[in-house]
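K.L.:
I have a structure here, written as structure tokens, and I will follow up with some questions on it.
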Amino acid sequence: MKKNRNVGVIGVGQSVYSSHREEVNQPEMIHEAVVEALEHAGITMDDVDCVVHGNMELFEMIHQPDLWHTLGSGSFGKETLRVTTGGTTGATLVCAADSLVASGLHDIVLAIGFEKLQEGHTTGGITNMADPLWARQLQTGALTGMTAADVIEEFGEERAKKASMKYRIQMDKHAMKNKKAHRRFDLQFDQGDELAESSPALVGELRMIHMCSQSDGACVMIFASEEKAKNLCKQPAWIKDHITVHREEMFCIFGNEPYKTSHRHAAEKLFARNGIKDPRKEIDMFEMYDPSSWWGLDWLREFLLFEGDEHLKMIENDEIAIDGSFPINPSGGVIASNPIGATAMIRVAEAALQIMGCAGDHQVPKTVNQAMASGFGGTMWSVLFLLTRETPW
């Protein structure tokens, strides 16, 4: 799996994430992240060879938004690619940018992920994007109570609910350290029972407090070849490897038949080809795409290849805290900020910032030598990244 050449992240920029960014239009919002990323990398748009741009354009109902956004990105006249793969769009943007540099086609690539959800209708977009006869039952987006029901059945109602709520409150404590996060409630652990009772029910045991939000915001990452990265950046975050795994659209995961999740399959393949035997010890932190606290706790088991209740113990024993043995989402995660076209990119960007030591108030206190980041969307579509402090090859 060795690349043609190493690729390093040398710049990251993010806008402020909010439910409504009414004070800016789309190009202006993107401009915030572009400027910050260029300043972080110490370059200008003149140094950029190619721009990769993506969002869920059916949510805002603006066709080919990358053309309009040249006003905010400064990319007029640059080679540009537009990518959309549902909730995984941000992760696919990173894969594309990494491949463009690794191939030797370009030396410096700037990737833009964004969403301005206040200007569209997310649910309308999801429910109208698929064939009404063959795929309608799948187009519910992230709103599902199935995982909560499964976890409760396996581990008992009291333990499952407490673990989910503790995960949620831990993510909020991380978000409180991240000044750009959208939802920052200053929740306390002793509020768990009250929150479980007072938060509006959505589906089954899934409540509003468990669920991610809709956010406006943009994320920008700058990728460079090894030679350029070492000249421009004191400590690049190297993209060692990434893998994309997804199921066929009509693959049925319902019923009692055992199945392997795309998360676990991606993790098994990624770890095997990178010689990782014990991810819990060999990886220093994980930015996970967690649309709800129920999915977050369940997917922790899948990505770390656990059996039994090890994932619940990690939450119960505070191991996932920013100062714990295996920090999860020091940024606050998807539950805190969810501009869908950028959401999966933010996971990789935040992991890169941790390696670079540039995460600010939500920097993990230990040295991050190896980090993992994930994206998720569509029909069981998982993207998993491995980033390193040292040059991979």
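K.L.:
Would you tally the residues in segment 350-393 being more than 15 Å from the chain's Cα centre (by Cα), β-branched (Val, Ile, Thr) and buried (at least 23 other Cβ atoms within 10 Å of the Cβ)?
P.N.:
So the count comes out to 2.
K.L.:
Criterion first (of a type outside the set (Val, Ile, Thr), outside any helix (DSSP H, G or I) and either more than 15 Å from residue 220 (Cα to Cα) or touching a residue at least 12 places away in the same chain (Cβ under 8 Å) (or both)) does residue 90 satisfy it? Don't jump to the end; show me each part of the working.
P.N.:
Numbers: of a type outside the set (Val, Ile, Thr): yes; outside any helix (DSSP H, G or I): no; either more than 15 Å from residue 220 (Cα to Cα) or touching a residue at least 12 places away in the same chain (Cβ under 8 Å) (or both): yes.
In short, no.
K.L.:
Which ones in segment 11-22 are of a type outside the set (S, T, N, Q), surrounded by fewer than 24 Cβ atoms within 10 Å (Cβ to Cβ) and touching a Gly at 6+ places or on another chain (Cβ under 9 Å)? I'd like the intermediate steps shown before the answer.
P.N.:
Going residue by residue through segment 11-22, those that are of a type outside the set (S, T, N, Q) are 11-13, 16-17, 20-22.
Narrowing further to those that are surrounded by fewer than 24 Cβ atoms within 10 Å (Cβ to Cβ): 16, 20-22.
16, 21, listed by residue number.
K.L.:
Determine the pairs where a residue that is acidic (Asp, Glu), located within segment 377-393, has a partner that is surrounded by fewer than 18 Cβ atoms within 10 Å (Cβ to Cβ) with Cβ atoms under 9 Å apart, the partner being 6 or more residues away or on another chain.
P.N.:
Partner pairs satisfying both residue conditions: 390/369.
K.L.:
Against the definition (farther than 26 Å from residue 277 by Cα and either among the hydrophobic types (A, V, I, L, M, F, W, C) or in contact (Cβ under 8 Å) with a residue 40 or more places away in the chain (or both)), how does residue 360 come out, yes or no?
P.N.:
Details: farther than 26 Å from residue 277 by Cα: yes; either among the hydrophobic types (A, V, I, L, M, F, W, C) or in contact (Cβ under 8 Å) with a residue 40 or more places away in the chain (or both): yes.
Yes; evaluated as a whole, the condition is true for this residue.
K.L.:
Considering only segment 340-349, state which residues are touching a helix residue (DSSP H, G or I) at 6+ places or on another chain (Cβ under 8 Å) and either polar (S, T, N, Q) or at pLDDT 95 or above (or both). Walk me through how you get there before you give the answer.
P.N.:
Applying the first criterion (touching a helix residue (DSSP H, G or I) at 6+ places or on another chain (Cβ under 8 Å)) to segment 340-349 yields 340-348.
Selection gives 342, 343, 344, 345, 346, 347, 348.
K.L.:
Just name the residue that is surrounded by the most Cβ atoms within 10 Å (Cβ to Cβ) out of those in segment 23-69 that are under 30 Å from residue 230 (Cβ atoms) and free of Cβ contacts under 8 Å to residues at least 12 places away in the same chain.
P.N.:
This residue is 44.
K.L.:
Could you tell me which residue of segment 291-317 is surrounded by the most Cβ atoms within 10 Å (Cβ to Cβ), considering only residues that are touching a residue at least 40 places away in the same chain (Cβ under 8 Å) and over 21 Å from the mean Cα position of the chain (by Cα)?
P.N.:
So the residue we want is 312.
K.L.:
For residues that are within 22 Å of the chain's Cα centre (by Cα) and among the small types (Gly, Ala, Ser), scanning just segment 190-220, find the one that is surrounded by the fewest Cβ atoms within 10 Å (Cβ to Cβ).
P.N.:
Here is the first cut: in segment 190-220, the residues within 22 Å of the chain's Cα centre (by Cα) are 206-220.
Still in the list and also among the small types (Gly, Ala, Ser): 213, 215, 217-218.
Numbers: 213: 17, 215: 28, 217: 30, 218: 36.
Only one residue tops the list, namely 213.
K.L.:
For the structure I just gave you, tell me whether residue 307 is at pLDDT 95 or above and charged (D, E, K, R).
P.N.:
Working: at pLDDT 95 or above: no; charged (D, E, K, R): yes.
For residue 307, the condition - at pLDDT 95 or above and charged (D, E, K, R) - is not met.
K.L.:
Pull up segment 1-10, narrow it to residues that are modelled with pLDDT of 95 or more and assigned to a loop (DSSP other than H, G, I, E, B), then point me to the one that is surrounded by the fewest Cβ atoms within 10 Å (Cβ to Cβ).
P.N.:
Of all residues in segment 1-10, those modelled with pLDDT of 95 or more come to 5-10.
Right, trim to assigned to a loop (DSSP other than H, G, I, E, B) and you get 5-6.
Details: 5: 14, 6: 22.
The residue in question is 5.
K.L.:
Looking at residue 238 and the list (1) crowded, with 17+ Cβ neighbours inside 10 Å; (2) more than 20 Å from residue 357 (Cβ to Cβ), which single condition is not satisfied?
P.N.:
Here residue 238 clears every test but (2).
K.L.:
Same structure, new question: Considering only residues of segment 95-135 that are in contact with a helix residue (DSSP H, G or I) (Cβ under 8 Å, 6 or more places away or on another chain) and charged (D, E, K, R), which is modelled with the lowest pLDDT?
P.N.:
Across segment 95-135, the extreme among qualifying residues is 119.
K.L.:
Can you tell me which residue among 20, 63, 106 is assigned to a loop (DSSP other than H, G, I, E, B) and in contact with a strand residue (DSSP E or B) (Cβ under 6 Å, 6 or more places away or on another chain)?
P.N.:
Working: 20 fails: in contact with a strand residue (DSSP E or B) (Cβ under 6 Å, 6 or more places away or on another chain); 63 fails: in contact with a strand residue (DSSP E or B) (Cβ under 6 Å, 6 or more places away or on another chain).
Exactly one residue qualifies, and that residue is 106.
K.L.:
Need a quick list: helices (runs of 4 or more DSSP H) entirely within segment 286-381 having at least 3 residues that are in contact with a strand residue (DSSP E or B) (Cβ under 6 Å, 6 or more places away or on another chain) and of a type in the set (Val, Ile, Thr).
P.N.:
Numbers: elements: 293-303, 310-316, 333-336, 340-356.
Answer list for segment 286-381: 340-356.
K.L.:
Taking the residues in segment 231-290 that are more than 28 Å from residue 362 (Cβ to Cβ) and among the aliphatic types (A, V, I, L, M) as candidates, determine which candidate is modelled with the highest pLDDT.
P.N.:
My answer is 272.
The values are calculated or read from the model by the stated rules, or taken from the named source; none is laboratory data. The model shown is predicted, which means the values in this text are computed figures rather than measured ones. With ideal geometry, Cβ positions are generated from the backbone for all residues, glycine too; neighbour counts draw on all protein chains shown.
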